[in-house]
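Here is the structure we will look at.
The values are calculated or read from the model by the stated rules, or taken from the named source; none is laboratory data. Just so you know, these numbers come straight off a predicted model, no measurement behind them. Ideal geometry is used to build each Cβ from the backbone, glycine not excepted, and the neighbour counts take in all protein chains shown. All accessible areas refer to the heavy atoms of the entire protein, side chains included, with ligands and DNA or RNA removed. Shrake-Rupley method; radii C 1.70, N 1.55, O 1.52, S 1.80 Å.
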Amino acid sequence: MKLSFKQLILLSMPFLISSCGSMKLPEVNLPMLNGDYRELSTAPLGASLYQCEKNKKFYIKALEGGKEMWITFPNREFGLKQVDVLKNTYINESTTLEINDPETYIKEGDVLTYQKCQVQKLK
């Protein structure tokens, strides 16, 4: 009896299908899939978080032994130099930072853009 290729395939199908059922897929253990992960902080290393009114916030990092402050906003960052006679005031061409805990403020030109800011503990 001579079997055609088509008949041979049809006869072997049940065996091929049953062998697929016994295959075991490897277990995948990725932390992001099982909920075992934590968010990384977006805070600059060594910076302090200031929370202001209207839910505004920024980070400050002291440089040069406190003679310069680096400010990080959500969309920009820049440095300010300390005013010699005013130890808690830092300026550049357009911005003034005055650190008066518990209420710090930032003035850009003549406008108070960040006010009633208080330092917060970072998690």
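Of the whole protein surface, Leu40 contributes about 140 Å² of accessible area at a 1.4 Å probe radius. Subtracting the Cα-Cα distance of Thr89 and Arg76 from their residue separation scaled by 0.36 nm leaves 2.7 nm. In this simple spin-label model, placing a label point 7 Å from the Cα along the Cα-to-Cβ direction at both Gln120 and Glu53 gives a separation of 1.8 nm.
When Ile91, Ile99 are compared by accessible surface with a 1.4 Å probe, the order from highest to lowest is Ile91, Ile99.
Rg ratio for region 67-115: its Cα radius of gyration over 2.2 N^0.38 Å, N being its residue count, equals 1.06.
Sequentially through region 65-82, phi angles give Karplus couplings (6.51, -1.76, 1.60; θ = phi - 60°) of x, x, 7, 9, 10, 9, 9, 10, 9, x, 10, 6, 8, 6, x, 10, 9, 6 Hz, Gly and Pro residues having no value and appearing as x.
Here the convex hull built on the C-alpha positions of region 42-89 has a volume of 83 cubic angstrom per residue. Rolling a 1.4 Å probe over the protein heavy atoms of region 50-123, with every protein chain left in place, gives an accessible area that is 49 percent carbon and sulfur.
Summarising the label geometry, the points placed 7 Å from Cα in the beta-carbon direction at Asp110 and Glu27 lie 7.0 nm from one another.
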